[in-house]
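Participant: Dropping a structure here in structure tokens format, bear with me for questions.
The values are calculated or read from the model by the stated rules, or taken from the named source; none is laboratory data. Not measured: the values here are computed from a predicted model. Don't worry about glycine lacking a Cβ; one is built from the backbone with ideal geometry, like all the others, and counts go over all protein chains shown.
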Amino acid sequence: MQVYITHVLPWYPTSVHLQWRLDEVTESGTFLFDVERSGSPDGPWTTIVIGLTNTYTYADPLDQEDANLLSLTRDIYYRIRAVPPSGEVNAVYSTIVNLDEHAETEVVGPRPVMGFQVLDPAQHEHAPYTGATIQPVSDQLARKRLLRRKIMRDEYIRLRRLTGSEFFLLQRRHFGTRCPVCYDPATHEILVSRCLSCYSTSWVGGFFPPRLVLGAPQEQIYQTTIGPQTKDDVSHFRIQFLDFPRMDRGDLIIERARNRRYLVEEVYTTTIKTIQVHQTVTVTELERQAIEYSVPVTPLTL
């Protein structure tokens with residue numbers, strides 16, 4: 001099992017949003033995550049939340065004193081500790097990232113391997129070893145952060161006041177408890193096409209809880225497929241979202257106003273001066289009989 005921090009978004013000046021994923025999962029059950037923060041990639045580390053269950057995102061709520069950490073001349077580092085169903089003995093750490101989604105380090109040799117190889121005398125514990133040397137924050141990096149802050153603010157205002165509509169994002173599960181109804185552990189196949197336990201994802205629950213996001217719909221394309229006895233119309237179009245939360249193929253997007261549901265097919269990112277400012281997703285509208293329409297979304301959220 002490996003855990004990776006996939007996205008870090010400073011939401012100035014009140015919070016930092018984190019997103020991560022699990023790879024090489026070989027267990028089925030409940031996964032727990034601890035989020036740790038430090039002012040240096042060498043620590044010491046402060047655990048800011050313990051025991052997040054089967055989740056993939058966290059917003060670090062910075063208080064008035066912590067908000068000073070978002071200065072252009074300072075940096076914050078994060079790491080995730082993942083505990084699999086088999087227990088603490090098999091817990092793993094993610095790589096260490098800063099506010100720009102990478103540790104300000106120069107990697108020595110091959111890709112850093114996280115493990116328990118270096119004893120941290122300050123904490124009397126074995127700390128992850130990254131195999132990297134530390135580099136200072138540059139003036140160019142500070143200017144880049146300021147530009148990113150301005151671009152993200154302008155994009156949010158544009159979506160909120162001008163072109164944006166409200167959608168719910170339900171991100172597809174890729175870890176957790178395997179579905180006991182339709183998943184065959186011997187063949188790793190889904191045996192039931194319309195399973196109400198996992199919604200044909202093979203993971204219990206199917207999708208993570210909905211998150212409200214702003215998006216700007218773009219051009220819409222209709223494709224007609226003529227079969228021996230039927231004629232099917234498929235609607236494809238693109239929606240532009242902010243940079244966070246990151247989306248992936250297989251995620252479910254729900255139009256809040258009409259409860260129309262779409263499946264994410266492709267994700268494209270747009271950058272300005274190497275700064276990723278938004279993502280454009282190609283979605284396919286689902287048929288009304290699709291199993292995804294059975295995914296519960298409470299009336300209060302709709």
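Participant: Pull up segment 170-202, narrow it to residues that are out of contact with any helix residue (DSSP H, G or I) (no Cβ under 9 Å at 6 or more places or on another chain) and closer than 17 Å to Val264 by Cβ, then point me to the one that is modelled with the lowest pLDDT. Let's see the steps before the verdict.
Facilitator: Residues of segment 170-202 that are out of contact with any helix residue (DSSP H, G or I) (no Cβ under 9 Å at 6 or more places or on another chain), as a first pass: 171-192, 197-198, 201-202.
Then drop every residue that is not closer than 17 Å to Val264 by Cβ, which leaves 171-174, 201.
Numbers: Gln171: 86, Arg172: 88, Arg173: 85, His174: 81, Thr201: 89.
By that ranking, first place goes to His174.
Participant: Within segment 250-280, work out how many residues are of a type in the set (D, E, K, R) and either free of Cβ contacts under 8 Å to residues at least 24 places away in the same chain or in contact with an Asp or Glu (Cβ under 6 Å, 6 or more places away or on another chain) (or both). Walk me through how you get there before you give the answer.
Facilitator: First, pick out the residues of segment 250-280 that are of a type in the set (D, E, K, R): 251, 255-256, 258, 260-261, 265-266, 273.
Subset that is either free of Cβ contacts under 8 Å to residues at least 24 places away in the same chain or in contact with an Asp or Glu (Cβ under 6 Å, 6 or more places away or on another chain) (or both): 256, 258, 261, 266.
Qualifying residue count, segment 250-280: 4.
Participant: Is it true that some residue in segment 214-226 is touching a Cys at 6+ places or on another chain (Cβ under 9 Å), on the phi < 0 side of the Ramachandran plot and at pLDDT 85 or above? Don't jump to the end; show me each part of the working.
Facilitator: First, pick out the residues of segment 214-226 that are touching a Cys at 6+ places or on another chain (Cβ under 9 Å): none.
Looking through segment 214-226, none of the residues is touching a Cys at 6+ places or on another chain (Cβ under 9 Å), on the phi < 0 side of the Ramachandran plot and at pLDDT 85 or above.
Participant: Just the residues that are part of a loop (DSSP other than H, G, I, E, B) and more than 23 Å from Ile253 (Cβ to Cβ), please, taken from segment 178-224. Step through it out loud before you land on a result.
Facilitator: To start, the set of residues in segment 178-224 that are part of a loop (DSSP other than H, G, I, E, B) comprises 179-182, 185-188, 191-202, 204-206, 208-210.
Correct list: Pro180, Val181, Cys182, Pro185, Ala186, Thr187, His188, Leu191, Val192.
Participant: When you check Asn68 against the structure, is it modelled with pLDDT under 85, closer than 26 Å to Phe175 by Cβ and not hydroxyl-bearing (Ser, Thr, Tyr), yes or no?
Facilitator: Working: modelled with pLDDT under 85: yes; closer than 26 Å to Phe175 by Cβ: no; not hydroxyl-bearing (Ser, Thr, Tyr): yes.
Taking the combined requirement at face value, the residue does not satisfy it.
Participant: What number of residues within segment 269-287 satisfy the criterion of being of a type in the set (Ser, Thr, Tyr) and modelled with pLDDT of 85 or more?
Facilitator: Going through segment 269-287, the residues of a type in the set (Ser, Thr, Tyr) turn out to be 269-271, 274, 280, 282, 284.
Now restrict to residues that are modelled with pLDDT of 85 or more: 269, 280, 282, 284.
Of the residues in that region, 4 qualify.
Participant: Only one of (1) in contact with a His (Cβ under 6 Å, 6 or more places away or on another chain); (2) under 25 Å from Leu18 (Cβ atoms) fails for Val281. Which number is that?
Facilitator: Of (1) in contact with a His (Cβ under 6 Å, 6 or more places away or on another chain); (2) under 25 Å from Leu18 (Cβ atoms), only one is false for Val281: (1).
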